[in-house]
Structure formats: structure tokens, C-alpha cells
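Participant: Okay, handing you the structure first.
The values are calculated or read from the model by the stated rules, or taken from the named source; none is laboratory data. Computed from a prediction, not measured in an experiment: that's the story for all the values here. Reconstructed Cβ throughout: ideal geometry from the backbone, glycine too, with neighbour counts over all protein chains shown.
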Amino acid sequence: ATEDFRQQVALAIRDGIERFDPQISVRHAQLIAWQRQHPGARLPATRAHRATPPPLRDSSGSALPAVVAWLTLIAALAGMLRWRRPLARALAPAVVRFHRVAARRRRQQLRLRRLTAATEQRWSRYSVYDELSL
């Protein structure tokens, strides 16, 4: 909860990352050397820097919109869980209609397959005239 503790945790994480990949510490040393050679200058932006997504904050720097969005989602899910039976009864007509439409679609596809199979049988390449010798 204190600033000192947060600083210690941040340094421990940084040390662990640098031990995991030594090239990171080499790159860090190069950046520090460049900053010492060019005091007051900003580092040129890299592709990785530009590709980072924007933070979940509005223009004032507040994270309130993101928090409100998450709380709304959690409240909606909790409400759906709490009132699942009344919700199921309210949605039942739509679900029944969906199943009826899906069943109708399956029947139409089956009819089409049967019709296609019958047509292919009727117009097959075999003919009785193939066996006649002329």
C-alpha cells in the first residue's frame, strides 16, 4: 500500500525480466547511453510503442467509464443468473420460433437433397440404348 513497497515490487519485476532475457538489459543500457549523449531529446518512437493499445481512460484521465462498463456487465450477468426462470419464460416464444424456423430449414434442405438425388437418378448417364448394337 506504500510507495516504497510498490517501488520495491517494480524493481524486483524488472530484475526478474532482465535475468530472464539478457538482451533486455543490453537494450536498456543502450537507451540510457543514448539519453546521456542527447540530453533533453526524446527517444524516437518505435513500432512497438505505437502499436500499444490506448489505456482504458477518457480524455480527463479517469478510468470511470471502464469501471462503469464492467460493473454494468457484472450486474447484467448477476441479474440473468438471479432471474433466470422469469427470463426463460419471457424468451420462450422467441426460442420456440427459432427452433421452428430451424426445423423448417432442415426439412427444406432434406427435400432439396431428395429432389436432387431423384433428378440425378432420372438423368443418369446410363441408358437402355447403350446396350443396343446398331
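Participant: Mind checking which pairs have a first residue in the range 27-55 that is within 23 Å of Ile17 (Cβ to Cβ) and a second that is at pLDDT below 65 and not in a loop (DSSP other than H, G, I, E, B), Cβ under 9 Å, 6 or more apart or different chains?
Facilitator: Pairs that qualify, where the first residue is within 23 Å of Ile17 (Cβ to Cβ) and the partner is at pLDDT below 65 and not in a loop (DSSP other than H, G, I, E, B), are Leu43/His49.
Participant: Scan the range 36-57 and tell me whether some residue there is in a helix (DSSP H, G or I) and at pLDDT 85 or above.
Facilitator: yes
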